[in-house]
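Chemist: My questions will all concern the structure given below.
The values are calculated or read from the model by the stated rules, or taken from the named source; none is laboratory data. Since the structure is predicted, the reported quantities are computational estimates derived from the model, not experimental observations. Heads up, the Cβs are rebuilt from the backbone with ideal geometry, glycines too, and the neighbour counts pull from every protein chain shown. We work out accessible area using only protein heavy atoms, side chains counted, and drop any ligands, DNA or RNA first. Shrake-Rupley method; radii C 1.70, N 1.55, O 1.52, S 1.80 Å.
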Amino acid sequence: MSPERLSILFVSQTPASPPRFGAQARVHGLMTQLARRHDLAAVTLVEDELDAEECRRAMQAYCREVVLVPNPNVRQGLAKRLRQLRSLASTQSFERLLVTVPAMQRALDRVLRARRFDVVNLEFTFLGDCDLRQAPPGERLPPLVVDSHNIDYDLARQYARAGNSLTRRLYAGANWRKLRREELGTYRDADGVYLCSAADERHVLDQLPGVRTAVIPNAADVEYYHPRPTDPPPDGRTVVYFGLLSYVPNVDGVIHFVKDIWPRIAEAHPEARCKIIGGRPPPSLLALAGPRVELTGFVSDLRPHLAAAAAVVVPLRLGGGTRLKIVEAMAMGKAIVSTTLGAEGIEAVPGRDLLVEDEPAAFADAVNRLLAEPGLAARIGQSARQLAVERYAWSGAARALESFYRRILEARS
């Protein structure tokens, strides 16, 4: 591989740093590793609830230039519902309308016309209608490479089938078709698309056989997430779930676990406790809290919570891509019980690196085994840690992404 430094512009709907949820963690992990060998810049939207200056400082640690554009469209509650209603009359998806900010295109125009970039890297496809192929006068236009965190239209289609109300199912049914047209259009127009899993790659190639693709898996900062002597030991009774709790697959997974699985664990282990970690929980999750079920909200450092856990659960029934929560828990040396979908795309061996069950009773039995057999939990955790270090470190993922960039540049030349 050529040692030549590349100039790469990352364009995103949210800042990569400091990473507080999965999508940020993926971009942060890849960017910080790439910045060791290449020159990075970023133009990104930022919503009001984030501290823009904190984000700017964090990203300036590895970017030569950081441009943050306020996004006034991101509102919760009534404002979100009204925007969703208005989106029904639009030909664009709700997700695209949410990131349609004229100031974003102006910022991109200024940055792209001021200096030449070797690659423009777009996170997600929602900003895919922006003019991203620009360069200073006389310079060659940069290739566009898209990071597909999920097949988002397929995720929206799952929501349409699994929504807990007729209104939500009908809305999602109309929206996912718009999202599909936009998402496939962005993939088709890009010079390359990289995805989190081989399953997602197959999905894209089935729809668009001519697209150049690569699998760049989700990973973990294995130097940050690792068992430390100062961490508390596993307490033998705490079962942990963690993730952004405003994300629909996480909401569904937590409700499913607490209502359908947890009672079987609580009956078998009266001392067991369930800890749900993550920011932005909706009222439907807050209502689940009780004497043995704790919702912590956002925590600044997951590691002590994971270290003290007897087991980590990933009871997901909706979703795509691969789960960062699994590779981060693996890096911490934790025993994990997951559904098949939750572990999809991760090359872990069930029974050795984690336990996989889909039926509520079998899922509960697997958790009960880990609570009753701490030696088994320790062995699975050690194997998981080894797999994370060998296969799921951000350094390896970034090297694979750099190779993909170079393949695209060589093809263009």
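Chemist: With a 10 Å cut-off between alpha carbons and a GNM built on the chain, which of V193, V313, V258 moves the most?
Modeler: Most flexible of the set in this elastic network: V258.
Chemist: What's the extension gain from R115 to S246 if we count 0.36 nm per residue and subtract their Cα-Cα distance?
Modeler: That works out to 43.4 nm of additional length.
Chemist: For region 254-413, what is the per residue volume of the convex hull drawn over the alpha-carbon atoms, in cubic angstrom?
Modeler: 136
Chemist: Give me log10 I(q)/I(0) at q = 0.19, 0.20, 0.23 Å⁻¹ for region 233-320, Debye formula, one equal scatterer per alpha-carbon, no solvent.
Modeler: Values returned for q = 0.19, 0.20, 0.23 Å⁻¹ are -0.83, -0.92, -1.22.
Chemist: A follow-up question, please. Between D260 and A61, what is the label-to-label distance in nm when each label sits 7 Å out along the Cα-to-Cβ direction?
Modeler: Roughly 4.0 nm, to one decimal.
Chemist: Springs between alpha-carbon pairs under 10 angstrom, Gaussian network model over the chain: which of G243, G210, G138 fluctuates most?
Modeler: G138
Chemist: Here's a follow-up. Below 20 Å, Cα to Cα, which aspartates and glutamates can K259 reach? Residues fewer than 8 away in the same chain don't count.
Modeler: Leaving aside aspartates and glutamates fewer than 8 places away in the same chain, those within reach of K259 are E267, E271, E294, E357, D358, E359, D365.
Chemist: Sticking with this one: Could you give the alpha-carbon Rg of the chain over 2.2 N^0.38 Å, rounded to two decimals?
Modeler: Scaled against compact globular proteins, the figure is 0.99.
Chemist: Classify region 1-78: rounded, prolate or oblate, from the alpha-carbon gyration tensor (a ≥ b ≥ c, eigenvalue square roots; a/c under 1.5 rounded; otherwise prolate if a/b is larger than b/c)?
Modeler: Prolate.
Chemist: Karplus couplings for region 315-325 from phi (6.51 cos²θ - 1.76 cosθ + 1.60, θ = phi - 60°), rounded to Hz, Gly and Pro as x?
Modeler: 3J(HN,Hα) across region 315-325, in whole Hz: x, 7, 10, 10, x, x, x, 10, 8, 4, 4.
Chemist: Given a 1.4 angstrom probe, I'd like the percentage of the accessible area of region 237-306 that is carbon and sulfur, rounded to a whole number.
Modeler: 58
Chemist: By how many nm would the segment from D231 to A361 lengthen if fully extended, with 0.36 nm per residue of separation less the alpha-carbon distance?
Modeler: Value of the extension gain: 43.6 nm.
Chemist: Taking a spot 7 Å from the Cα of R36 along the direction of its beta carbon, which residues of region 380-404 have an amide N less than 15 Å from it?
Modeler: Flagged as within label range: 389-403.
Chemist: Using a probe radius of 1.4 Å on heavy atoms only, what accessible surface per residue do you get for the chain? Whole Å² is fine.
Modeler: Heavy-atom SASA per residue in the chain reads 43 Å².
Chemist: In region 76-182, carbon and sulfur make up what percent of the accessible area (probe 1.4 Å)?
Modeler: Exposed carbon and sulfur together represent 55 percent of the surface.
Chemist: Between R212 and R169, what FRET efficiency comes out of the Förster formula 1/(1 + (r/R0)^6) with R0 = 56 Å and r the beta carbon distance, rounded to 0.05?
Modeler: 0.95
Chemist: Heavy atoms only, probe 1.4 Å: what % of the accessible area of region 314-413 goes to carbon and sulfur, would you let me know?
Modeler: Answer for region 314-413 is 47 percent, counting heavy atoms of protein chains only.
Chemist: At 222 nm, what value in deg cm²/dmol follows for the chain if DSSP H runs of at least 4 each add -39500 (n - 2.57) and the sum is divided by all its residues, to the nearest 500?
Modeler: -13000 deg cm²/dmol, from helical runs alone.
Chemist: Return the FRET efficiency for the residue pair E410, A52: r is the Cβ-Cβ distance, R0 is 35 Å, and the value is rounded to the nearest 0.05.
Modeler: E between E410 and A52, to the nearest 0.05, is 0.40.
Chemist: Oh, and also: With a point put 7 Å past each Cα toward its Cβ, work out how far A287 is from R177 in nm, to one decimal.
Modeler: 3.2
Chemist: Find which of T339, I277, F10 sits farthest along the positive direction of the dipole of the chain, computed with +1 on the beta-carbon of Lys and Arg, -1 on that of Asp and Glu, about the Cα centre.
Modeler: The Cα lying farthest towards the positive end belongs to F10.
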